[in-house]
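Q: One structure coming up, written as structure tokens, with questions to follow.
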Amino acid sequence: MREIRHFVNAAAMAGTSGRQGDVFDPNTGAVQARVALASAVEVDIAVQAAAAAQRSWAAVNPQRRARVMFEFKRLVEARMADLADLLSAEHGKVLADSRGDIQRGLEVIEFACGIPHVLKGEYSEGAGPGIDVYSLRQPLGVAAGITPFNFPAMIPMWMFGVAIACGNTFVLKPSEKDPSVPVRLAELFMEAGAAIGLDVTGVLNVIHGDKAAVDAILDHPLIRAVSFVGSSDIAQYVYSRGTAAGKRVQAMGGAKNHGIVMPDADLDQAVRDITGAAFGSAGERCMALPVVVPVGKGTAEAFRERMLSEIATLKVGVSSDPDAQYGPVVTAAHRQRIADYIQMGVDEGAELVVDGRGFALQGFEQGHFIGPSLFDRVTPQMKSYQDEIFGPVLQIVRAETFEEAVALPSSHQYGNGVAIFTRNGRAAREFAARVEVGMVGINVPIPVPVAYHTFGGWKRSAFGDANQHGVEGVRFYTKIKTVTARWPDGDASAPSFVIPTMS
Ligand code: NAD
């Protein structure tokens, strides 16, 4: 059986905790590898490696750090096909989607290639008599990232790309469900450093594990910042425990994104967009669109009819099938959880229009497949609406008015993304201004901001003050220092006993 080991100080490191986790092949349901699950001892080894490398890495000038990022991007692009194969084989998403996962991470690396420009400080000449004031952005030291299973390439790159470019060193704790791609990325980062003539040993380390490893990260005194992405209860726990230990923490959580369809929308386009956003990647995206809110009875009836025809054409297949629109979900336990939510929706009185539970793929009966499901007449009181299902299940919540459509996502516990489909610019503008959600799409079903903007939700979709990537990411991974400098002219001035007014 293949063993997936930690990656510390530029080398594979065998686990010593005695604990291992199963990594499944979602297409067949079989265990394909075992991953080491770290104890606090292994986490400490990785943190010490990162701490030992940090001073010299921070001393490398920013343009040379950027050159490592340029080379890393080139290497990842050159290995794109292999990385996508590896990603699909452990996650279950189709190959085109795996390439998208890697590509969206690479866009943050591209942003990191421009780090010398964003790290420039500010300078005020003559802020007082003979006094100049300047501010610097300095790295924090060792930073850690804890990432979810659903984007094993993109989310680690969101974090380590920016953190490392800023001069920090990094310990990544990826999801134990699909841990191989993060290790490959760290190996390629080592290659990138060597190609530029820099020893980057210890700059990026990968430790596998579960709660025990996460707790060891949260408690480790040398880790200054923790970036987390995962489900909300754990995000909140990571935020509380990490900040209590004096760390900077940004913790992104779950989501339940709504798509508002106004009566004037281009319905054919909206239906196609929502089909991809609801069922793509088997719904295992924090920016998926699992709730649709048609405004008005006519819109609801027309939407339902067209969505039924779209669903009938969907092809679910193994992750390597180029014709499949989505593949299996990550584990059998997750498939069961989705099926339980479908049953909950039925029990709560929603109308199950399409039931994906009976779906089986011939020859892959043990794979973690589930067909697309559609619910109509879902209401805000239902638990199956309030909770995140994270599967290929679309729920229609009918609204009578625009006001109701603004209120639904605004009063939901999650506030990650939302989309409105309309031809009315004024309605769209008002919706974007008023809705209580962090990322808004106008005729854009999955409004994931580009890498030079920032990513982050509101309410229980994010804990902490800083978003991921973009300039916000740079602020998160740096601390500001302000220097007030005076170069006296040699005439000793009298002692001052009052606050200077800098006149
Ligand atoms: P998860 O919360 O189960 O796991 C996330 C990370 O936390 C993993 O590294 C895991 O090992 C660790 N972990 C698991 N249980 C833990 C515990 N009890 N204590 C401490 N750490 C623990 O999430 P997942 O299932 O891997 O990913 C799916 C979730 O992530 C969904 O809720 C999805 O919405 C969310 N997500 C959010 C965003 C965002 O940016 N808001 C992006 C992607 C995914």
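The values are calculated or read from the model by the stated rules, or taken from the named source; none is laboratory data. These numbers were taken from a predicted model, which means no experiment stands behind them. Here Cβ is always computed from backbone atoms with ideal geometry, including for glycine, and neighbour counts include all displayed protein chains.
Q: Please enumerate the residues belonging to segment 94-129 that are over 16 Å from the mean Cα position of the chain (by Cα), at pLDDT 95 or above and more than 27 Å from Lys479 (Cβ to Cβ).
A: Result: Val94, Leu95, Ala96.
Q: Which condition from (1) within 28 Å of Gly100 (Cα to Cα); (2) in contact (Cβ under 8 Å) with a residue 40 or more places away in the chain; (3) out of contact with any Lys or Arg (no Cβ under 8 Å at 6 or more places or on another chain) is the one that Thr201 breaks?
A: (1)
Q: Then there is this: Give the residue that is nearest to Val238 (Cα to Cα), with candidates limited to residues of segment 431-448 that are within 11 Å of the ligand (Cβ to nearest atom) and in a loop (DSSP other than H, G, I, E, B). Break it down stepwise before answering.
A: Just the residues of segment 431-448 that are within 11 Å of the ligand (Cβ to nearest atom), to begin with: 438-439, 448.
After this cut, where a residue has to be in a loop (DSSP other than H, G, I, E, B) as well, the list is 438, 448.
On the way: Gly438: 21, Val448: 24 Å.
Out of the qualifying residues, it is Gly438.
Q: Kindly indicate whether any position in segment 253-261 is within 24 Å of the chain's Cα centre (by Cα), more than 15 Å from the ligand (Cβ to nearest atom) and at positive phi.
A: Taking segment 253-261 and keeping what is within 24 Å of the chain's Cα centre (by Cα), we get 253-260.
Those left that are additionally more than 15 Å from the ligand (Cβ to nearest atom): 259-260.
Narrowing further to those that are at positive phi: none.
No, that holds for no residue.
Q: Report yes if Gly391 is within 29 Å of Glu472 (Cα to Cα) and within 16 Å of the ligand (Cβ to nearest atom), otherwise no. Steps first, answer last, please.
A: Details: within 29 Å of Glu472 (Cα to Cα): no; within 16 Å of the ligand (Cβ to nearest atom): yes.
Against the criterion (within 29 Å of Glu472 (Cα to Cα) and within 16 Å of the ligand (Cβ to nearest atom)), Gly391 does not qualify.
Q: Here are Gly246, Gly242, Gly209: which of them is within 15 Å of the ligand (Cβ to nearest atom) and assigned to a loop (DSSP other than H, G, I, E, B)? Let's see the steps before the verdict.
A: On the way: Gly246 fails: within 15 Å of the ligand (Cβ to nearest atom); Gly242 fails: assigned to a loop (DSSP other than H, G, I, E, B).
Residue meeting the stated conditions: Gly209.
Q: Then there's this: Looking only at segment 452-474, how many residues end up being more than 14 Å from the ligand (Cβ to nearest atom) and either on the phi > 0 side of the Ramachandran plot or buried (at least 18 other Cβ atoms within 10 Å of the Cβ) (or both)?
A: 1
Q: Shifting gears a bit: Could you pull out every one of the strands (runs of 3 or more DSSP E) wholly within segment 127-173 that has 2 or more residues that are within 16 Å of the ligand (Cβ to nearest atom)? Spell out the reasoning first.
A: Working: elements: 131-139, 142-146, 169-173.
Hits in segment 127-173: 142-146, 169-173.
Q: Mind listing whichever residues of segment 213-236 are assigned to a helix (DSSP H, G or I) and under 30 Å from Val406 (Cα atoms)? Even if it seems obvious, please write down each step before you answer.
A: Filtering segment 213-236 down to residues assigned to a helix (DSSP H, G or I) leaves 213-219, 232-236.
Hits for segment 213-236 are Ser232, Asp233, Ile234, Ala235, Gln236.
Q: Follow-up question, since we're still on this one. Taking the condition of being buried (at least 16 other Cβ atoms within 10 Å of the Cβ) and part of a helix (DSSP H, G or I), how many residues in segment 417-430 meet it?
A: Here is the first cut: in segment 417-430, the residues buried (at least 16 other Cβ atoms within 10 Å of the Cβ) are 417-422, 427-428.
Imposing the further condition that a residue be part of a helix (DSSP H, G or I) reduces the set to 427-428.
Matching residues across segment 417-430 total 2.
Residues are listed down the side, and each one gets a yes or a no for (1) away from the ligand (no atom under 16 Å from the Cβ); (2) of a type in the set (D, E, K, R); (3) at pLDDT 95 or above:
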{"site": "Thr422", "(1), (2), (3)": "yes, no, yes"}
{"site": "Ala428", "(1), (2), (3)": "yes, no, yes"}
{"site": "Phe476", "(1), (2), (3)": "no, no, yes"}
{"site": "Thr484", "(1), (2), (3)": "yes, no, yes"}
{"site": "Ile499", "(1), (2), (3)": "yes, no, no"}
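Q: While we're here: So Asn257 ticks every box in (1) in contact with a Gly (Cβ under 7 Å, 6 or more places away or on another chain); (2) more than 28 Å from Ala324 (Cβ to Cβ); (3) not hydrophobic (A, V, I, L, M, F, W, C) but one. Which box is left unticked?
A: For Asn257, the exception is condition (2).
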